[in-house]
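Asks: Below is one structure. I have some questions about it.
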Amino acid sequence: MKLYVYIIRRLLLMIPVLLGVVAITFALSHVNINLLISEYEGRIHTPQARQAVINALHLNGNFLEQYLYYVVAVFTGNWGYTAPSDIDPGSPVVLEFMRRFPPTAELAIVATLIMVALSLPLGILSAVKKDRLVDQATRLIAMFFYSIPVFWFGLIIILIIGPGSKIVPPWLQDSGTGQLNFQQYAIIYKNGVYTLAPWAVQGGLSRPTGFLVIDTALYGDWPAFLDALKHLMYPSIVVGVTSFGVFVRYLRSSMLETLGQDFIRTAKSKGVPERYVIKKHARRNSLGPTTTIMGLTIAGLLAGVVVTENIFGWPGMGTWLYDAAVSDDLVSIIATTFVFTIVIVIANLIVDILYAYLDPRVRLE
Amino acid sequence: MSVNNSNREESEFVRSLLSRFESFKRTFYFLTRSPLAVIGLAITIFYILLGIFGDFFVKGNPWTMVQILEYKGQYIYNTPLPPSSTFPFGTTYGGYDIFNGIIKGARIDEGVAAIIVLTGALTGVILGSIAGYFGGIIDDIVMRVTDIFLSIPGLVLLIAFMAILGRTLEILVFGFIVIWWPGYTRIIRGQVLSLRELKYVEASKAAGASAFRIITKHLIPNAIYPVFVQVSLDFGNVILSLATLDYLGFGFAGQNLAEWGNIIGLATHGASGVLSIENYPWTVTIPGLIILIFVLSLNFLGDGLRDVLDPKMRR
């Protein structure tokens, strides 16, 4: 099978998954339909207002009709409005999503990098030195961090690095409130006028990339860049460190399987140095199967992101989900659930295509 | 004739039980050779005993924590007391006794986790064996559905569930099972797919055994071992998720539920936010260590079991 055939087949397989995911979010938003309606009504609870909402959301049709309207709305970017309050008339969920997504992506990407950077050497070392002290210690460490409650680890990190801490020096301390010390860096006082720094316009909506670390660097605002980096460091360490254990375990078993195969023995017996065998023969072959569990690992990692954002006050999707769940903002809850799911679906897609590209045998199945 | 027949069946049954016991003894022997697994087993047994019998040694309602508003003439609602002989683990915000809550929490956490994991495993075993044995369109449908559920991050779906449907124990258990069955379905299906090609299944089919008999007598008993490993690992995972959910405040009951995550949540949401824990570190560290030790020992046990039950690793 050619690679592009495989990719097309994989994309077609994604359609039922996407429809199923939309079905679940549909069920979630329609199971408690009165909550949804009263949320859209706002404070005006009259039969007319209720009827207007029902008409606008096409809730008077039968089940299938409603689902079709829902699917069309989801895929045309019409995700509804956040719950209105006395001071906030409610804004389109898509706008809120554009504001909230980049910080979470930033955190998740750096956390994934930390996870991979930790697990690659540990997993390979553990397999090569099987059953020796290094292996036992590595497995112990991996299992330890795998068993830590993420939120608790975040709190312990805050205990260590919080302001006034005696453990770390002041320049490493961080109160764990959001992405940076906003007052200090984003609000500029010049010639008697307060202005916002160019990278901080509109709550992040018109930034070049949306990633604070990249934007501050693009505009050359180095103090703000360093501060943003410091604020990014701790939560991503929390997420990365608590999710690398699973990856080490899979990498180890995959590596052990590869090391037991004939071509490794052949390579060793013809005198290829051990280091070279591991680097060139074993590692490449064992990385392929490990990528397939990357999707599951990322699902776990995103769950960690949700909790960590809550603890560090990170203004991303997780905080949005938490705030929405606290204030019964149904549309936002559904939107965050949907976005997290789509991220995982796409991550799985990329991982599968990558695997098929790296290992042509996969395409034959 | 019929008496003889039933006798023979009975002795066959006893023999099969004996052989299973023998294999169990062998498994146990291999398990005891790994020090980490033994430590894990011992701590797990201790925690389970605590969960079963702990309630006899603590005061008050088994579901809620004991609140002490005054101690030695001092109003302690907002000032947690450090560990002392009266309060072995100290108190937390709201004047709740941490030791008391942790003992009660053992029963709640372990009970809820056991219900979730066992129901999820049962659902997975049934669906997975059916999908694997019959194959074809049934297999396709079941596997696509597991794909869908495996794509949704569990914690996010749980928060959505609890926020939309209400914060009750039934909804929580239902939500967890929705998340936890696909993993088991996949494991069992993979096992059954390889088992159903074996000669004894073919022989049984040729002898006219029904699909139900083949699945329950031949396939499930042989495919079940990876599920045991997964159950021991997932028990810890469920407890972690449960604690996280309760920490965030989306658990199944009110503020004073005696649940390990909720005890930590009381400390950080109680007074002035996360930073206040610097003044009262024990309100966070102790309940977290209790969770960590239990989940870690479950993972030791599960890892040991995996090594023992996987014959490739036993060598």
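Asks: Which number in (1) within 23 Å of the chain's Cα centre (by Cα); (2) surrounded by 18 or more Cβ atoms within 10 Å (Cβ to Cβ) marks the one condition that A:Leu19 misses?
Replies: Only one criterion is unmet by A:Leu19, namely (2).
Asks: Of the numbered conditions (1) of a type outside the set (S, T, N, Q); (2) farther than 30 Å from A:Leu180 by Cβ; (3) modelled with pLDDT under 80, A:Val74 satisfies every one except a single condition; which is it?
Replies: (3)
Asks: When the residues of region B:160-178 are narrowed to those that are closer than 23 Å to A:Leu19 by Cβ and crowded, with 24+ Cβ neighbours inside 10 Å, which ends up nearest to the other protein chains (Cβ to nearest Cβ)?
Replies: Among those residues, the one meeting the criterion is B:Ala160.
Asks: Could you identify the single residue in B:Ile264, B:Ile239 that is closer than 14 Å to B:Tyr93 by Cα and either within 11 Å of chain A (Cβ to nearest Cβ) or crowded, with 24+ Cβ neighbours inside 10 Å (or both)?
Replies: None of the others qualify; the one that does is B:Ile264.
Asks: Tell me the helices (runs of 4 or more DSSP H) entirely within region A:272-365 that contain at least 2 residues that are within 11 Å of the chain's Cα centre (by Cα) and within 12 Å of another protein chain (Cβ to nearest Cβ).
Replies: Per the criteria, A:294-312, A:317-326, A:330-358.
Asks: Of everything in region B:136-153 that's in contact (Cβ under 8 Å) with a residue 12 or more places away in the chain and more than 12 Å from chain A (Cβ to nearest Cβ), which residue is farthest from the chain's Cα centre (by Cα)?
Replies: It comes out as B:Asp139.
Asks: Could I ask something else about it? Suppose we filter B:Phe250, B:Phe300, B:Phe294 for residues that are within 10 Å of chain A (Cβ to nearest Cβ), not small (Gly, Ala, Ser) and not in a helix (DSSP H, G or I); which single one remains?
Replies: B:Phe250
Asks: Here's a follow-up. Can you pull out the residues in region A:17-50 that are touching an Asp or Glu at 6+ places or on another chain (Cβ under 8 Å), within 14 Å of another protein chain (Cβ to nearest Cβ) and not β-branched (Val, Ile, Thr)?
Replies: If the condition is that a residue be touching an Asp or Glu at 6+ places or on another chain (Cβ under 8 Å), within 14 Å of another protein chain (Cβ to nearest Cβ) and not β-branched (Val, Ile, Thr), then A:Gly20, A:Leu35, A:Glu39 are the ones that fit.
Asks: Something else: What do you reckon, is B:Gly304 within 18 Å of the chain's Cα centre (by Cα) and under 19 Å from B:Thr91 (Cβ atoms)?
Replies: no
Asks: Have a look at B:Phe161, B:Phe176 and point out the one that is assigned to a helix (DSSP H, G or I), touching a helix residue (DSSP H, G or I) at 6+ places or on another chain (Cβ under 6 Å), within 20 Å of B:Ile239 (Cβ to Cβ) and modelled with pLDDT of 90 or more.
Replies: After applying the criteria, what remains is B:Phe176.
Asks: Scan region A:137-149 for residues that are facing chain B (nearest Cβ under 7 Å) and outside any loop (DSSP other than H, G, I, E, B) and jot them down.
Replies: A:Met143, A:Phe144, A:Tyr146, A:Ser147 - these are the residues of region A:137-149 that are facing chain B (nearest Cβ under 7 Å) and outside any loop (DSSP other than H, G, I, E, B).
The values are calculated or read from the model by the stated rules, or taken from the named source; none is laboratory data. Because the structure is predicted, anything quoted here is derived from the model rather than measured. A quick note on method: Cβ atoms are made from the backbone with ideal geometry, for glycine too, and the neighbour counts reach across all protein chains shown.
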